1. Once you charge only the Cβ atoms, +1 for Lys and Arg and -1 for Asp and Glu, what is the size of the charge dipole of the range 57-179 about its Cα centre, to the nearest 20 debye?
2. Points 7 angstrom from Cα along the Cβ direction at residue 96 and residue 52: gap in nanometres?
3. FRET efficiency for residue 145 and residue 116, Cβ-Cβ distance as r, R0 = 22 Å, nearest 0.05?
4. With every protein chain left in place, what is the accessible area per residue of the range 99-174 in square angstrom, probe 1.4 Å?
5. Per-residue counts of other Cβ atoms within 10 Å, averaged by peptide: what ranking do you get for 120-127, 142-149, highest first?
6. Ignoring ligands, DNA and RNA, what percent of the accessible area of the range 55-144 is carbon or sulfur (1.4 Å)?
7. Are there trypsin sites (Lys or Arg not before Pro) in the range 70-117 that DSSP puts in a loop and that have at most 16 other Cβ atoms within 10 Å, and which ones?
Amino acid sequence: MVLHLIFLTTPTLTNLPVHLPRFFTFSFEKPFKVEQETVYNLDRNMKVHNFNAGPSVLPNEVLYKASKALIDFEGSGMSILEIGHRTEPFMAVMEEARNLTRELMQLDDDFEVLFLQGGATMQFMQVPMNLLDSGETASYIDTGVWSNKAIKEAKLVCELTIVVRLNALARLAELQTVG
């Protein structure tokens, strides 16, 4: 376990020695014994599947590579979770992910690939915040529950127009009475 203490000196701390920098850290490390590496069964039976929104079942090779990167990313001595997001190794990971996304979705240079925090609900606000210029109006199609959530969040940050409002339940009832 490592404890990091970060100090920011201020002008009000007049008794500090002059040689101390304005910002400094101390790290106290308690030794951690690493047990022998466990060998995991990479041939696990994949009978369980998650069909919910969000996470999904991953191939064993992906899980194994990710687990190794959590301990020591490409021989750096640090976890992928510990290296800085502006470092060359991490930027290479992001560039590879961006390129693979472009390839998979067959995107040309007219499109940008954005990696954003949060799930779909957070992006309901992020999309108009980041893609509209000041004073622009967003146009929405109201198709039901999820678009209503998007509209509600967008109203907090921009003007919007609902160009089409579909009532899916009424349409379904209409189709049932016809057939």
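The values are calculated or read from the model by the stated rules, or taken from the named source; none is laboratory data. In this text, all values refer to a predicted model and were calculated from it rather than measured experimentally. So basically every Cβ, Gly included, is an ideal-geometry build from the backbone, and we count neighbours across all protein chains shown. The area values use the complete protein model at the heavy-atom level, side chains included, leaving out ligands, DNA and RNA. Shrake-Rupley method; radii C 1.70, N 1.55, O 1.52, S 1.80 Å.
1. Roughly 680 debye, rounded to the nearest 20.
2. Placing both labels 7 Å along Cα→Cβ, they lie 3.0 nm apart.
3. The value I calculate is 0.50.
4. Numbers: 6030 Å² over 76 residues.
Per residue, the range 99-174 has an accessible area of 79 Å².
5. Working: 120-127: 15.6, 142-149: 12.8.
Top to bottom by mean Cβ count within 10 Å: 120-127, 142-149.
6. On the way: 4070 of 7030 Å².
Solvent-exposed carbon and sulfur of the range 55-144 make up 58 percent of the total.
7. Passing sites in the range 70-117 are 86.
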